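The values are calculated or read from the model by the stated rules, or taken from the named source; none is laboratory data. Everything quoted here is computed from the prediction, not taken from an experiment. Cβ sites come from the backbone with ideal geometry, for glycine too, and all protein chains shown count toward neighbours.
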Amino acid sequence: QVRLVESGGAVVQPGRSLRLSCAASGFTFSNYIMHWVRQAPGKGLEWVALIWYDGSKEYYADSVRGRFTISRDNSKNTLFLHITSLRVEDTAIYYCAKRTGTTNPSLDYWGQGTLVTVSS
Amino acid sequence: DIQMTQSPSSLSASVGDRVTITCRASQRLSSYLNWYQQKPGNAPKLLIYSTSTLQRGVPSRFSGSGSGAQFTLTISSLQPEDFATYYCQQSYTTPWTFGQGTRVEIK
């Protein structure tokens, strides 16, 4: 069965960097576009970024462009999110999610999330 | 960016009630509108994709409709396990965007 497991969340100071990971299993990872979505405490969902099957294309939300970098290692079935210059407003649960196939774009599987807390 | 607005932001309903949640986009989406359910402490779960197609395993009391820029999620007979927050999301163009959510509470 499809499984997505995020890790790397931590309590960090503003301005520091962090790398989140998402280990995928149960499907052919290299065949799917992958996404990150975040949720600040008590708030709604915010789409963050996506990466193409082979890593050749990336798209970002305006709120994170230039500070966040999404990447993947298809040989290790792992998705990453590298976050730099962390801000208090980046505090959130970060979910990785698998996109459906080429038609009907949606996010059909989600990990359990990893919590990033930015605080001095 | 496409703005997604859900209404209401919250509602109280009883078991057995018919519930309707509306999602309005700032531009036309074709059919690229999805609905997710999220329960406290859990990740979101895909309910409906492409406006009206139920994800595998989702009960038939859930339905989606709409076109253009206005869409609706309907729960025909609310069950205890349906009390949750619901989000619409457009996948018409990047950046993908979510509505602010509709919290469905027990009356």
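Comparison of B:GLN79, B:GLN37, B:GLN6 shows that the only residue that is of a type outside the set (Ser, Thr, Tyr) and in contact with a helix residue (DSSP H, G or I) (Cβ under 9 Å, 6 or more places away or on another chain) is B:GLN37. Exactly one residue out of A:ASN74, A:ASN104 is surrounded by 14 or more Cβ atoms within 10 Å (Cβ to Cβ) and modelled with pLDDT under 95: that is A:ASN104.
Starting from residues that are more than 18 Å from A:SER25 (Cβ to Cβ), among the hydroxyl-bearing types (Ser, Thr, Tyr) and under 16 Å from the mean Cα position of the chain (by Cα), keep the ones in region A:79-109 and report whichever is farthest from the other protein chains (Cβ to nearest Cβ). This residue is A:THR84.
Pairing each residue of region A:98-120 that is part of a loop (DSSP other than H, G, I, E, B) with any residue that is at pLDDT below 95 and not aliphatic (A, V, I, L, M), provided the two are 6+ apart or on different chains, yields C-beta distances under 6 Å for A:SER106/A:THR100. When you scan region B:12-30, do you find a residue that is in contact (Cβ under 8 Å) with a residue 12 or more places away in the chain, assigned to a loop (DSSP other than H, G, I, E, B) and at the interface with chain A (Cβ under 10 Å from one of its Cβ atoms), even just one? Looking through region B:12-30, none of the residues is in contact (Cβ under 8 Å) with a residue 12 or more places away in the chain, assigned to a loop (DSSP other than H, G, I, E, B) and at the interface with chain A (Cβ under 10 Å from one of its Cβ atoms). Screening the candidates B:SER50, B:SER60, B:SER67, B:SER77 for the property of being polar (S, T, N, Q) and within 14 Å of another protein chain (Cβ to nearest Cβ) yields one hit, B:SER50.
Specify the residue that is nearest to B:GLN37 (Cα to Cα); the eligible residues are those in region B:62-90 that are part of a loop (DSSP other than H, G, I, E, B) and out of contact with any strand residue (DSSP E or B) (no Cβ under 6 Å at 6 or more places or on another chain). If we take residues in region B:62-90 being part of a loop (DSSP other than H, G, I, E, B) and out of contact with any strand residue (DSSP E or B) (no Cβ under 6 Å at 6 or more places or on another chain), then B:GLN79 is nearest to B:GLN37 (Cα to Cα). Residues in region A:35-42: is at least one surrounded by 13 or more Cβ atoms within 10 Å (Cβ to Cβ), within 14 Å of chain B (Cβ to nearest Cβ) and not in a strand (DSSP E or B)? Within region A:35-42, one or more residues are surrounded by 13 or more Cβ atoms within 10 Å (Cβ to Cβ), within 14 Å of chain B (Cβ to nearest Cβ) and not in a strand (DSSP E or B).
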